[in-house]
Amino acid sequence: MNLSKIHIVFFIGIGGIGMSALARYFNTIGKKVIGYDKTGTRITDALQKEGISIGFKDDVDWVKQQLKGVEKEAILVIYTPAIPSNAEIKQHFIDQAYQIVKRSQALGIITENSTNLSIAGTHGKTTTSCLLSHILTTANIPHVAFLGGIATNYNSNYWNNLTAQDPIISVTEADEFDRSFLTLRPTYAGITNMDADHLDIYEKKEHLTQSFVEFGDLVAADGRLFVQADCQQAFTKSITTYGIETGRISARNVHIHNESFVFDLYLENDVYRLLKLGIPGQHNVENAVVASAIATEMGVSESDLRNALASFKGVKRRFEYVVNQKDCIFIDDYAHHPTELDAIIGATKQLYPNQKITGIFQPHLYSRTRDFMDEFAHSLSALDEVILMDIYPARELPIEGVTSEVLLDKIATSKSLLTRDEILNKVSNVKPNLLLTLGAGDIDTLVQPLKNQLIVA
């Protein structure tokens, strides 16, 4: 596709985290960007302030007015798979034979002629890709980054400091959902893990694993594929393994010093001692290893790498401190899979070994709750107290026999199932010293009200 002939880009589902990054890209390169989403959010508010026109009704007449007088050949329509198939706006574009592509296809088109640095994995890809972009920025290496979360250092999911003279380097988060990452053509890639997830799409873990292998096969012949050491058996092509105390590239001597994680980085020909990471958790140390490995392939020096790791502030809703006071700690995290819960709960226990930890968890998707019911119960049982919310359905209809009550019965610690108002009342009365909010649904809308309850004098 020749993007130079495109004058208007219309987004169906513009408020999504990946969609909004693409919208920002097209807006900054001078295309007129228009979008639809069903509800307004902080993301859509920000996009509107950046000059992007957004409608919030599934209204074909509004679309026709926006595109009046413009030839179809000058319009590109990008949609997210999360949009319902019966959306009238989407059906209009299909019926009228507009150029219409998925978000992942658009990302592939944009980055196909770049040196693409791509991070895949069931967990960790957002933090790792944000960290990689931050390392390149710290090292003054121009690039464009399309990220799956809001990087705290830049308060954005999009970064572009390229000039017309720069070789094009892109950083992409490679999403396995709906096999989206198979539209990318990475030069260097990292695979953080291949845990079972999205079984509503893949049906079996083996199918998910095969999809990651196919992604790895897309890495350029003159590039390099970095794979977390526990996943290496799935690959027949040449890979570089990494991990903690394992792999050709590894973190060793991992320890906590002054509430920060510190480690030695063993590259193939160098050792960088006592690197400090700006975010907590063993899992994030491992993310830092692969981000550092790819960054050094791009010529980043030890000094710039050291500064970047220490100054990285993380990603919104990934171990994000909402309150960090002596008598009250409140951390919010996107964790919605048992492995992710294990990571944040484990990191919290390492940092605060003598504190009682209360966790509020909102299960995400009936199918995921069904597929990992026992695993969720085991992970949550590591908390001192669990407050459970009803399942957030997202795109799904209820599944018989899959409820938060069933999950609650399996949890082996102090536990309760509460509504939103009941949670706020409990936190107001009890004021836990260490509180976690966990989940990928709309639990984030509880964060500010909970903060208000915790910091009231």
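Bear in mind these aren't lab numbers, they're just calculated from the coordinates by the rules spelled out. Everything numeric in this text was worked out from a predicted model, so none of it was measured. Cβ: placed from backbone, ideal geometry, glycine included. Neighbour counts: every protein chain shown.
When a/c reaches 1.5 or more, the comparison of a/b and b/c decides; with that in mind, is segment 3-103 rounded, prolate or oblate per its Cα gyration tensor? The shape class here is rounded.
Projection of the Cα convex hull of segment 1-59, averaged over all directions and equal to a quarter of that hull's surface, yields 4.0 nm².
With only the Cα atoms considered, segment 320-454 has a convex hull volume of 96 Å³ per residue. Relative to the current alpha-carbon distance between Arg252 and Asp166, full extension at 0.36 nm per residue lengthens the span by 27.4 nm.
Please give the contour-minus-distance gain from Gln350 to Asp222: 0.36 nm per residue of separation, less the Cα-Cα distance, rounded to one decimal in nm. Don't skip to the end; give the middle numbers.
Working: separation 128, 0.36 × 128 = 46.08 nm, distance 4.04 nm.
Extra length from Gln350 to Asp222 when fully extended: 42.0 nm.
In the chain, the DSSP beta bridges split such that about 25 percent are antiparallel, to the nearest 5.
Arrange Val406, Val315 by Cβ neighbour counts within 10 Å, fewest through most, would you? List each step's numbers first, then the result.
On the way: Val406 14, Val315 24.
Listed from fewest to most nearby Cβ atoms, that is Val406, Val315.
For segment 3-103, lysine pairs separated by 8 or more sequence positions, or belonging to different chains, with Cα-Cα distances below 19 Å total 29. Applying the Karplus relation 6.51 cos²θ - 1.76 cosθ + 1.60 with θ = phi - 60° to segment 249-259 yields 3J(HN,Hα) values of 10, 8, 9, 10, 6, 6, 8, 9, 9, 6, 6 Hz, where x marks Gly and Pro.
With R₀ fixed at 45 Å, the C-beta to C-beta distance from Ser414 to Gln65 puts the FRET efficiency at about 0.20.
Relative contact order of segment 211-328, taken over Cα pairs closer than 8 Å and 6 or more residues apart, is 16 percent.
Sorting Ser85, Ser260 by the number of Cβ atoms found within 10 Å of their own Cβ, with the fewest placed first, yields Ser85, Ser260. Put in line by how crowded their Cβ is, counting other Cβ atoms within 10 Å and starting with the fewest, Val386, Val63 read Val63, Val386.
Only Cα sites of segment 195-341 enter the Debye sum here, all with the same form factor; the resulting log10 I(q)/I(0) across q = 0.16 1/Å is -1.02, listed in q order.
Could you tell me whether segment 25-81 comes out rounded, prolate or oblate from its Cα gyration tensor? Rule is a ≥ b ≥ c as square roots of the eigenvalues, rounded for a/c under 1.5, then prolate if a/b exceeds b/c, otherwise oblate.
Taking the square roots of the gyration eigenvalues as a ≥ b ≥ c, segment 25-81 is oblate.
Can you give the local net charge around Lys5? Use residues other than it whose beta-carbon is closer than 13 angstrom to its beta-carbon, Lys and Arg +1, Asp and Glu -1.
For residues surrounding Lys5, the net value is 0.
Distant-in-sequence amide contacts of Ala174, defined by a placed amide H-H separation under 5 Å and a gap of 5 or more residues or a different chain, comprise Ile119, Ala120.
Between Gln232 and Asn2, what length in nm is gained on full extension when 0.36 nm per residue of separation is reduced by their alpha carbon distance?
79.0 nm
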